[in-house]
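Novice: Structure incoming, see below.
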Amino acid sequence: MANFTAGTSFTDGVTNDVTAAKLNALIADAVPTSNLSLNSTTGTIATLNSTTGTIATLNSTTGTIVTGTFGTTTSTAATITTGTIPTLVATTLVTTGTGTAAAPAIVPTGDTNTGLFFPAADTIAFSEGGTEAMRIDSSGNVGIGGTPSALLHLQSTSPALRIQAASGNSSVLDFYRTASVNSGQIASESTNALVFSTNGVGNSGLVERLRIDSSGNVGIGCTAASTIRLDVQGGNIRGKEILLENGTASSPALGTTPSWYSPASGVAALSANGTERLRITSGGEVYIAGTTDQGAYNLQVNGTGVWGAGAYVNGSDSRIKEDIQRAHLSYCWRLTK
């Protein structure tokens, strides 16, 4: 049979004419037993319907499939406007729109406001119920509840990070300086103690430095549970064992009653009821009820005093005496048996 192109006219009753009877005879009035193949290099299949059959394979090099339901679809370059594809396998690339938090680009069936969208270049975001829940930006930073400014950024009215271990085990937060050097660790033990450890000199391994037990007692340099609120142990401690901020009489550095603070460099003062009561200067002089130096005296009392009981020795200082003269006396001692 000769080939015909669009626009060719047919005349009935002439040689090689095409009639319905001839086509019917050609297919022998039978239902085809093999697959029907429809090949097209270009064009658009507007609607493809099959009421009782299955389109097993649909190949399209270029074109647009507007509506349809397909079991397997192979396309080198095509656009599926709407339809249902049970299984879609892409060997290279599947593209979609950017979407928004309210209308994500990729959603599950029946939940159109939950899924993935792309708010900016090289950025992936996750939407929950039409609201952005998490995003990964172009730097690899992860933001939960907001736009990240660090590798992991949590933003909420009450943000919390939970680390949960299996029953009876410890929870650990490690800090690595390099891929193999663990420089520090915070561990929550099964005894409800919080333990802080650092790496030793020369990366000798983690050593416990501080422990807060379940009673709130703090131990520094001791691993056993302490029976006092603050327990400091260990070897030689050079320099200042405890360094406190200066403070003031009404806001002391050491919050006891009475309270210690440092009003000046090298000076220690003791306050009670918000008022300084005693001061020790850098020279070792002690002031009671006063802050002004009255002279080169080790003990200076600004006010009255009383000696309650016990021995009292008062030394004599020649610097505060006047017109002192030597007594012209001589003694002769005799020893008797």
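Novice: Would you be able to say whether some residue in the stretch 211-226 is touching a residue at least 24 places away in the same chain (Cβ under 8 Å), more than 30 Å from GLY99 (Cβ to Cβ) and of a type in the set (A, V, I, L, M)?
Specialist: Yes, the stretch 211-226 has at least one match.
Novice: Residue by residue through the stretch 103-142, note down the ones that are exposed (fewer than 15 other Cβ atoms within 10 Å of the Cβ), under 24 Å from LEU152 (Cα atoms) and of a type in the set (Gly, Ala, Ser).
Specialist: ALA120, ALA121, GLY129, GLY130, ALA133, SER138, SER139, GLY140 - these are the residues of the stretch 103-142 that are exposed (fewer than 15 other Cβ atoms within 10 Å of the Cβ), under 24 Å from LEU152 (Cα atoms) and of a type in the set (Gly, Ala, Ser).
Novice: Scan the stretch 213-230 and give yes if some residue there is modelled with pLDDT under 80, out of contact with any Pro (no Cβ under 8 Å at 6 or more places or on another chain), closer than 29 Å to ILE280 by Cβ and outside any strand (DSSP E or B), otherwise no. Even if it seems obvious, please write down each step before you answer.
Specialist: So in the stretch 213-230, the residues modelled with pLDDT under 80 come out as 223-228.
Of the ones still in play, those that are also out of contact with any Pro (no Cβ under 8 Å at 6 or more places or on another chain) are 223-228.
From what is left, the residues that are closer than 29 Å to ILE280 by Cβ are 228.
Still in the running and outside any strand (DSSP E or B): 228.
Scanning the stretch 213-230, I find at least one residue that is modelled with pLDDT under 80, out of contact with any Pro (no Cβ under 8 Å at 6 or more places or on another chain), closer than 29 Å to ILE280 by Cβ and outside any strand (DSSP E or B), so the answer is yes.
Novice: Every residue in the stretch 252-273 that is at pLDDT below 70 and assigned to a loop (DSSP other than H, G, I, E, B), please.
Specialist: Initial filter on the stretch 252-273 (at pLDDT below 70): 252-258.
Matches in the stretch 252-273: PRO252, ALA253, GLY255, THR256, THR257, PRO258.
Novice: For the stretch 161-177, check the following and say yes or no: at least one residue is more than 30 Å from ILE220 (Cα to Cα), among the small types (Gly, Ala, Ser) and not assigned by TED's automatic domain parsing to the domain that holds THR223. Steps first, please.
Specialist: Filtering the stretch 161-177 for residues more than 30 Å from ILE220 (Cα to Cα) gives none.
No: zero hits.
Novice: Looking at THR281 and the list (1) modelled with pLDDT of 65 or more; (2) of a type in the set (Val, Ile, Thr); (3) outside the structural domain of SER265 (by TED's automatic domain parsing), which single condition is not satisfied?
Specialist: Tallying (1) modelled with pLDDT of 65 or more; (2) of a type in the set (Val, Ile, Thr); (3) outside the structural domain of SER265 (by TED's automatic domain parsing), THR281 fails exactly one: (3).
Novice: State all residues of the stretch 176-187 that are assigned to a strand (DSSP E or B) and without any contact (Cβ under 8 Å) to a residue 24 or more places away in the chain; if no residue qualifies, say none.
Specialist: The initial filter retains those residues of the stretch 176-187 that are assigned to a strand (DSSP E or B), namely 176, 182-187.
The answer is TYR176, SER183, GLY184, GLN185, ILE186, ALA187.
Novice: Would you mind telling me which numbered condition in (1) of a type in the set (Lys, Arg); (2) part of a strand (DSSP E or B); (3) at pLDDT below 90 ARG209 fails?
Specialist: Status for ARG209: all satisfied but (3).
Novice: Test SER127 against the stated conditions and say whether it is within 21 Å of GLY99 (Cβ to Cβ), of a type in the set (Ser, Thr, Tyr) and not in a loop (DSSP other than H, G, I, E, B). Reasoning before the result, please.
Specialist: Working: within 21 Å of GLY99 (Cβ to Cβ): yes; of a type in the set (Ser, Thr, Tyr): yes; not in a loop (DSSP other than H, G, I, E, B): yes.
When the stated conditions are applied, SER127 passes them.
Novice: Only one of VAL89, VAL107, VAL142 is outside the structural domain of ILE186 (by TED's automatic domain parsing), closer than 30 Å to ILE186 by Cα and not small (Gly, Ala, Ser); which? Give the derivation first.
Specialist: Numbers: VAL89 fails: closer than 30 Å to ILE186 by Cα; VAL107 fails: closer than 30 Å to ILE186 by Cα.
Exactly one residue qualifies, and that residue is VAL142.
Novice: Taking the stretch 130-175, which residues are part of a loop (DSSP other than H, G, I, E, B) and β-branched (Val, Ile, Thr)? Spell out the reasoning first.
Specialist: Within the stretch 130-175, the subset part of a loop (DSSP other than H, G, I, E, B) is 130, 137-141, 145-151, 155-170.
Those that are part of a loop (DSSP other than H, G, I, E, B) and β-branched (Val, Ile, Thr): THR147, THR157, ILE163.
Novice: Check GLN233, GLN300 and return the single one that is surrounded by 11 or more Cβ atoms within 10 Å (Cβ to Cβ), closer than 30 Å to SER190 by Cα and either modelled with pLDDT of 65 or more or of a type outside the set (A, V, I, L, M) (or both).
Specialist: Numbers: GLN300 fails: closer than 30 Å to SER190 by Cα.
Of the residues listed, the single one that is surrounded by 11 or more Cβ atoms within 10 Å (Cβ to Cβ), closer than 30 Å to SER190 by Cα and either modelled with pLDDT of 65 or more or of a type outside the set (A, V, I, L, M) (or both) is GLN233.
Novice: Of the numbered conditions (1) touching an Asp or Glu at 6+ places or on another chain (Cβ under 6 Å); (2) under 28 Å from ILE85 (Cβ atoms), SER138 fails exactly one; give the number of that condition.
Specialist: Checking SER138 against (1) touching an Asp or Glu at 6+ places or on another chain (Cβ under 6 Å); (2) under 28 Å from ILE85 (Cβ atoms), the one that fails is (2).
Novice: Suppose the filter is part of a loop (DSSP other than H, G, I, E, B), at pLDDT 65 or above, over 21 Å from MET134 (Cα atoms) and of a type outside the set (Asp, Glu); does THR79 pass it?
Specialist: Numbers: part of a loop (DSSP other than H, G, I, E, B): no; at pLDDT 65 or above: yes; over 21 Å from MET134 (Cα atoms): yes; of a type outside the set (Asp, Glu): yes.
No.
The values are calculated or read from the model by the stated rules, or taken from the named source; none is laboratory data. Computed from a prediction, not measured in an experiment: that's the story for all the values here. Neighbour counts run over all protein chains shown; Cβ positions are idealised from the backbone, glycine included.
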